[in-house]
């Protein structure tokens, strides 16, 4: 999965266990956590689609791939699923960029927007690295994919993509290599000390007792998904660290 992040700089504002697993809902006046089942969200996201290939070597939905390859095709990212490419659109206004063997949707920040590349091979278009090597090698920024508590088999990963002294953006990638999950999904995770999660590029966000809860808007999602990828942004003090993937809970109904 993703092993690096995005370039530093200002971004536009961001617009398996069992089926009994629950995700905490927002607490309004009490400090006691409450739990509830997955509900609908009320924000926006781009719907998945299969892009037109800009090169015979760009990943194209349904064409052959091997292993755990990932790739980019302009505003779409690709994941190899059972020997065939699964291609899906990035969030609105973002583009796909490769770093090492992983694909990330990010704001262009002056970079080329026609990246065509696949992991396990040579980049097929001029691109810029997503983060300085010195930053990638910091232990607290190294992605640690994990299988969260979930009612569907999934893998979750957090990737730092844009850091300043006080703010951050991170990509959340949720992927399944088995049964597709629906467009009605939610994920929760513990927020590290000294951090806030203020916005998401996909769905809606709420925070309760230092737990972030992101819910999709089913009306703006594909009915079946093998992966979703989106960006969250917020503030930090005392240095940024990625959320602990072992704290994540994912539900799809």
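Here is a yes/no grid of residues against (1) more than 21 Å from residue 154 (Cα to Cα); (2) part of a strand (DSSP E or B); (3) touching a helix residue (DSSP H, G or I) at 6+ places or on another chain (Cβ under 6 Å); (4) at pLDDT 70 or above:
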{"residue": "51", "(1), (2), (3), (4)": "yes, no, no, no"}
{"residue": "71", "(1), (2), (3), (4)": "no, yes, no, yes"}
{"residue": "80", "(1), (2), (3), (4)": "no, yes, no, yes"}
{"residue": "110", "(1), (2), (3), (4)": "yes, no, no, yes"}
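This table checks each residue for (1) in a loop (DSSP other than H, G, I, E, B); (2) modelled with pLDDT of 80 or more; (3) within 17 Å of the chain's Cα centre (by Cα).
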site	(1), (2), (3)
121	yes, no, no
171	no, yes, yes
183	yes, yes, yes
186	no, yes, yes
193	yes, yes, no
Open item on the list: For the range 158-169, give me each residue that is surrounded by 18 or more Cβ atoms within 10 Å (Cβ to Cβ) and modelled with pLDDT of 90 or more.
Closed with: 158, 168
Task: residue 150, sole failed condition from (1) at pLDDT below 85; (2) crowded, with 24+ Cβ neighbours inside 10 Å - done: (1)
Task: Search result, residues across the range 149-163 that are outside any strand (DSSP E or B) and out of contact with any strand residue (DSSP E or B) (no Cβ under 7 Å at 6 or more places or on another chain) - done: 153
- [ ] Count, please, the residues in the range 221-239 that happen to be surrounded by 16 or more Cβ atoms within 10 Å (Cβ to Cβ) and either over 13 Å from the mean Cα position of the chain (by Cα) or over 18 Å from residue 106 (Cβ atoms) (or both).
- [x] 6
Open item on the list: Suppose we filter the range 213-248 for residues that are assigned to a strand (DSSP E or B) and closer than 24 Å to residue 89 by Cα; how many remain?
Closed with: 12
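The values are calculated or read from the model by the stated rules, or taken from the named source; none is laboratory data. These figures come from a predicted structure and were not determined experimentally. Reconstructed Cβ throughout: ideal geometry from the backbone, glycine too, with neighbour counts over all protein chains shown.
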